[in-house]
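Encoded as structure tokens, the structure appears first; notes follow it.
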Amino acid sequence: MSLRGKNNAEKIWNFLTDNGLTAHGAAGLMGNLQAESGLVPNNLQNTYEKSLGMTDAAYTAAVDSGSYANFVRDSAGYGLAQWTYWSRKEALLNYARSRGASIGDLEMQLGFLLKELAEDFAGVLATLKKTGSILEASNAVLLNFERPANQGTSVQNTRAGYGQTFFDQFAPKTTTSNKGGTTMSGKITTAAELAQRAENAAKNYKTLYVMGCFGAPMNDANKKRYTTNHSYNKDPARTKMINAASADTFGFDCVCFIKGLLWGWCGDASKQYGGAGYAINGVPDIGADSMIRVCSGVSTDFSKIEIGEAVWMEGHIGLYIGGGLAVECTPKWSNNVQITACNNTRSGYNTRNWTKHGKLPYVTYTGKSEDVKTAGKSTGGSSGNTGGSTGGNTGSGSSSLKFSVGQIVNFSGGYHYTSANASSGPAVKASRAKITDVYPSGKHPYHARAVNEAGSFIGGVYGWVDEKTLSAISTGSSSGGSTGGNTSKELKVGDIVNFTGSVHYASEDATTGPAAKPGKAKITKIVKGGKHPYHIIHVDSSSNVYGWVDAADIGAADPAAESWTPAVGDIVNFTGSVHYANANAATGPSCKPGKAKITQIYLPNKSKHPYHLKAISGSSSTVYGWVDRDAFTKS
């Protein structure tokens, strides 16, 4: 079919949504493609333009004509998704030839993209076709499909921010969730969603009390603005705090926090106000005292309060989130958006005694109220969710939460939900997971997010789950994440192992893969729960493995390799393909692997590329620069 649209972005959006991706799924995928290639289908990785001596157009023409025959094996990122790994580039080339299309043709690459997702990344595609969250979609692509070297929070937020831009540009303006309430990127319509968004901001974002600010990130421009906008912020101590804040810190005051959420704040550091508009969604720009006056059912009786109600005292306002807790932005205590005990005492929380509470006119309420003094408490009087001892509303009043925020657990698979009381949610596979939030009275009381063996977030479970799907990790046993191979010791990234298999794969969920020779290899990535959970790279010429492999095909870690601490003068096997001009450079030219010598070491626990290597005489390597720790092994 021919693509519809005035430019590449619109054509890609229409293609993806026509093929079943949700608006949020298409936006999350496009945010990643924007970061990879700028949505330019003939984009050749910048570092290779110089080393190959070709522009984007020249490289594309040479591949099409056959005059350049190393497209598959040159390791150069190319195209919308910057396909790099040889088997994926080979599949792209074969697909283009089968269609009689240029390797740089946009429609061809989009067709291949969907084919690759369907065949080798079915879990990612399923997420993109069901999700109502741009961040969930973006992270599914980032962590499971693109997998760049840097997958940190700042990268996740940046790519999701790109996705938000496409969503704002192309999505129908009425796009909302079909599970009650709205998505992170939509208008908040229910009190439960408002409470959850407030709690999420308090727990998962860097914030700072800044008078008159409704969610702006503290970049240089906003620091200049907010250190001069109000006499409170002009105080030298406050000015110093604002100027010291990192660019991923968001500023709020008490009422501006509530208004910011209702105006669409979503934690997007790339936008002037973190994704918020101004005085939109029917919510006017009013102060704390004015906001309580527009509320209905205003009362001083805190034995009957609903989740999502405003809580107020003269000159200050917050939101009740349930379980006897509220979220407020205040310079008191931690000087940010924080969770506090509402008119009661809870272990681990500061207490605020509010004067009144009332229902905001901008969201809908369920009619279910609770008493702040007893809500969320077990019969034994244990407090809140600080230690996982809070009882749920089970009727018996005797049960307690088994797990606490921050705990790593085994998720057995099943369903995850967009809210703690959602009636339905998408299926998701089993994995290791981290508890990021708890909601004791919810049907699905734990918010869990998939992590790998190193504790880094990966694609997989990302939502509220039932307690029955979680179990404690048994340390020292196979249920605690052992490889399932020939060792009872839990493997980790960086281990040197014996690869005994004969196949490696392009992804952890791929159905087929090319042959590989056995031998010693290094674990570079782990995706717990994947069909082929370990990504390994050979460390000597006896093996050519370079991809994802089965747990059963990995032997015990090499104890000698684990105990080795690299030192200046050591001879190593360099297995990487890039070296850098300094220890913290962002990019560097390509080079060949082989034997090399460590000539310098610079801050190994802080630098991006802490080791300086120089190829030794007679080696096939051309390395002469700073490299990553996982780019070499002991010789």
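The values are calculated or read from the model by the stated rules, or taken from the named source; none is laboratory data. Note that the structure is predicted; figures quoted are calculated from it, not measured. Reconstructed Cβ throughout: ideal geometry from the backbone, glycine too, with neighbour counts over all protein chains shown. Protein only, heavy atoms only, side chains kept; ligands, DNA and RNA dropped before computing areas. Shrake-Rupley method; radii C 1.70, N 1.55, O 1.52, S 1.80 Å.
Here each label is just a point 7 Å from Cα along the line to Cβ, and for residue 602 and residue 427 those points are 5.2 nm apart. Distance between the modelled labels on residue 472 and residue 502, one decimal in nanometres: 4.4 nm (7 Å Cα→Cβ projection). For the stretch 225-339, the share of accessible area belonging to carbon and sulfur comes to 53 percent (1.4 Å probe, ligands and nucleic acids excluded).
With a Förster radius of 45 Å applied to the C-beta separation of residue 443 and residue 285, the computed FRET efficiency comes to 0.80.
Quick check on the chain: helices-only [θ] at 222 nm, where DSSP H runs of length 4 and up contribute -39,500 (n - 2.57) each and the sum goes over total residues. Nearest 500, please. Let's see the in-between values first.
Values: 16 runs with 161 residues, N = 635.
Computed ellipticity for the chain at 222 nm equals -7500 deg cm²/dmol.
Checking [x] 1.47; [y] 1.07; [z] 0.99 against the coordinates, the calculated Rg/Rh (Cα atoms, Kirkwood Rh) falls under label [z]. Among the trypsin sites (Lys or Arg not before Pro) in the stretch 1-90, those placed in a DSSP loop whose Cβ has at most 10 other Cβ atoms within 10 Å are 6, 73. In the complete set of protein chains, residue-level accessible area for residue 99 is approximately 140 Å², probe 1.4 angstrom. In this structure the stretch 1-62 gives 41 Å² per residue of accessible area when probed at 1.4 Å with all protein chains present.
At R0 = 41 Å, how high is the FRET efficiency between residue 49 and residue 567 if r is their beta carbon distance? Nearest 0.05 is fine.
Result of the calculation: an efficiency of 0.65.
Subtracting the Cα-Cα distance of residue 581 and residue 332 from their residue separation scaled by 0.36 nm leaves 85.0 nm. Between helix 56-65 and the chain there is an angle of about 50 degrees, using the helix long axis and the longest principal axis of the Cα atoms. Among the protein heavy atoms of the stretch 6-54, carbon and sulfur supply 42% of the accessible surface, probe 1.4 Å, non-protein parts ignored.
Enclosing the Cα atoms of the stretch 207-317 in their convex hull gives a volume equal to 113 cubic angstrom per residue.
Given a Förster distance of 35 angstrom, what is the FRET efficiency for residue 168 paired with residue 248, based on the Cβ-Cβ distance and rounded to 0.05?
That gives a FRET efficiency of 0.95.
If every alpha-carbon in the stretch 297-357 counts as one equal scatterer, what log10 I(q)/I(0) does Debye give at q = 0.20, 0.27, 0.29 1/Å? So the normalised log intensities work out to -0.68, -1.24, -1.41. Extending 7 Å from the Cα toward the beta-carbon at both residue 237 and residue 412 defines two label points whose distance is 5.3 nm. Of the accessible area of the stretch 489-530, computed with a 1.4 Å probe over protein heavy atoms only, carbon and sulfur atoms account for 58 percent. Each eigenvalue of the Cα gyration tensor of the stretch 74-132, multiplied by 5 and square-rooted, gives one semi-axis; in descending order these are 21, 13, 10 Å.
In Å², what does the accessible area per residue of the stretch 219-280 work out to with a 1.4 Å probe? Don't skip to the end; give the middle numbers.
Details: 2700 Å² over 62 residues.
Value returned for the stretch 219-280: 44 Å² of accessible area per residue.
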